[in-house]
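FYI, it's all coordinate maths here, none of it is from the lab. Keep in mind the model is a prediction, meaning the values are calculated, not measured. For neighbour counting, all protein chains shown are included, and Cβ atoms are generated from backbone atoms with ideal geometry for every residue, glycine included.
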Ligand code: G3P
């Protein structure tokens with residue numbers, strides 16, 4: 001499953017873009033508001049860090065059809081070809097999705113809570129649908145099950161729309177959606193670290209270090225190799 005970073009924090013993006021195989025960055029108005037400053041400067045800085053080939057998903061803030069279209073076009077002009085315009089799954093959102101998709105502007109339909117919404121977004125030509133996992137599970141709904149249903153619906157229809165799951169609070173939710181056939185997930189830096197770390201990995205490494213030292217003292221494998 002492809003992983004994107006759900007943040008506008010430049011330090012986090014710089015770090016993970018260098019060392020982790022991330023496919024891009026997603027933002028929304030809340031995420032941008034946390035960083036402050038000028039949002040356009042921030043988005044341009046993100047684009048500069050990740051380069052022109054990676055995906056940058058940016059949410060519109062306008063709510064009327066014509067204005068969303070104008071905003072979407074200017075966003076893509078400003079941030080380059082691999083920019084996906086995030087549009088909430090509303091009536092006007094679906095109409096905009098159809099309009100932009102017909103004109104080859106990539107749309108990520110966001111704030112998806114049900115498989116029915118995802119189906120309509122796909123039929124409107126969305127490049128991605130973004131189901132919210134923890135926001136769903138917090139209401140005692142089945143966020144992971146929704147991804148599973150969306151994957152089944154998309155498999156039957158043969159749509160090109162991809163699932164970009166979002167709103168994670170645990171590493172297990174990320175793994176669960178991957179198992180259910182989710183194409184991509186966007187996660188924060190904390191979840192990214194949790195996906196990697198395991199206490200038994202840590203104790204195993206300590207064991208290797210202890211055993212090596214007991215047998216070979218301060219001699220390292222690197223020193224031995226260099227002296228060959
Ligand atoms: O991309 C936006 C989505 O991830 C929302 O996440 O954590 O605010 O529920 P959250």
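Values for this structure:
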{"quantity": "Over the range 57-123 - Rg/Rh using Cα atoms and the Kirkwood inverse-distance radius", "calculated": "0.94"}
{"quantity": "The chain: relative contact order in percent, alpha carbon pairs under 8 Å with at least 6 residues between", "calculated": "16"}
{"quantity": "Relative counts (whole %) of C-alpha pair distances in the chain, using bins that are 5 Å wide", "calculated": "1, 7, 14, 16, 17, 14, 10, 5, 4, 4, 4, 3, 2, 1, 0"}
{"quantity": "Rg/Rh for the range 1-115, where both radii come from Cα atoms and Rh is the Kirkwood radius", "calculated": "0.96"}
{"quantity": "Segments 33-45, 204-216 sorted - mean Cβ within 10 Å per residue, highest first", "calculated": "33-45, 204-216"}
{"quantity": "Residue 2 paired with residue 194, simple spin-label distance in nm, labels 7 Å along Cα-to-beta-carbon", "calculated": "2.4"}
{"quantity": "Neighbour-count ranking [beta-carbon atoms within 10 angstrom, fewest first] of 183, 198", "calculated": "198, 183"}
{"quantity": "Between the range 176-226 and the range 51-98, the Cα center-to-center distance that results, in Å", "calculated": "39"}
{"quantity": "Residue order, fewest to most beta carbons within 10 Å, for 12, 202", "calculated": "202, 12"}
{"quantity": "Footprinting exposure proxy for 108, 159 (fewest neighbouring C-beta atoms within 10 Å first)", "calculated": "159, 108"}
{"quantity": "Residue of 110, 30, 186 that the Gaussian network model of the chain assigns the largest fluctuation, springs spanning Cα pairs under 10 Å", "calculated": "30"}
{"quantity": "Within the chain, helix-based [θ] at 222 nm, where runs of 4 or more DSSP H residues each add -39,500 (n - 2.57), nearest 500", "calculated": "-16500 deg cm²/dmol"}
{"quantity": "DSSP beta bridges in the chain [antiparallel fraction, %, rounded to 5]", "calculated": "0"}
{"quantity": "Gained length - residue 160 relative to residue 34, 0.36 nm times residue gap less alpha-carbon distance", "calculated": "42.1 nm"}
{"quantity": "Nitroxide proxy distance, nm - points 7 Å out along Cα→Cβ at residue 41 and residue 222", "calculated": "4.0"}
{"quantity": "Long-range Cα-Cα pairs in the range 105-228 (distance over 20 Å), rounded percent", "calculated": "54"}
